[in-house]
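Note sheet for the following structure.
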Amino acid sequence: MDDIGAWIRSPWDRPYAGWCTKCEQVVQLVGLTALFAEHPKTREITGNSYFAHLLGQCPACFEGIHLLERVLIDYHGNIDAPWGTTQVYPPRLRRIPDHLPPAVEAVYKEAVACEAAQVPMAAATMIGRVLEEIGADADIKFTNLVEIIPALVKEGIISKRQGETGKQVRLLRNDGAHPRELRPTQQDVERALVYLDTLCRSIYETQHLAQALESRPEGREVMHSAAMQVEKK
Ligand SMILES: [Zn+2]
């Protein structure tokens, strides 16, 4: 561990950059500190490797940024990071909710990629596509969002309030998809994606969790015996 000691003392003879989601740009990290873990396969042919967790901050807004770098220290004591640096936090791409139907997931991924690429008109269009795919997955026969959103509310798949917000998202999609004076901004897109996140979690993650909880044998027994007692009364 002697060589790593030297690296800990001065690991940043090169600048470390990360993506600040608040400032929406690549920033050079300040206030860097590092934590090390031995790589499970530490003995490489050419040297020893370690995981370096680099913790720093955005110089503008002080948002914490966490990078992970696999460091190789060769038998001559030379330090290199041949596998590159990955950003752990904040994620560069918005997280996509779990358990999405494949067709919903495919368009959702494109919406998130458009947001990261800062192309809000394209992102707004893809956000509308996500709502359309949610409708198709729920066997809603309509193809227009004007009809799909109320139908989702009527079927109880989304709440009345989610439907109201959905109307605003539809208008945003129209501003992105059609020639309009009013163009969606990056902030509009962020808000619409937060909406989609809560919507998809409430539809698909809740459904998945319900199935998982129902499959608990103890859970089912408890519910069954409680129901029996009610019946006896
Ligand atoms: Zn920042």
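The values are calculated or read from the model by the stated rules, or taken from the named source; none is laboratory data. Just so it is clear, the structure is predicted and the values come from calculations on it, not from any experiment. Backbone-built Cβ (ideal geometry, glycine too); neighbour counts: all protein chains shown.
For Y204, are the conditions met, namely being in the same structural domain as M121 (by TED's automatic domain parsing) and in contact with a Pro (Cβ under 8 Å, 6 or more places away or on another chain)? Judged against the criteria, Y204 is a match. A residue that is modelled with pLDDT of 80 or more, in contact with a helix residue (DSSP H, G or I) (Cβ under 7 Å, 6 or more places away or on another chain) and more than 16 Å from the ligand (Cβ to nearest atom) can be found somewhere in segment 29-38.
Would you please name the residue that is surrounded by the most Cβ atoms within 10 Å (Cβ to Cβ), looking only at residues in segment 158-194 that are assigned to a loop (DSSP other than H, G, I, E, B) and modelled with pLDDT under 95? Only one residue fits best here, namely P184. Given the criteria within 30 Å of F36 (Cα to Cα), in contact with a helix residue (DSSP H, G or I) (Cβ under 9 Å, 6 or more places away or on another chain) and of a type in the set (D, E, K, R), does R92 qualify? Yes; evaluated as a whole, the condition is true for this residue.
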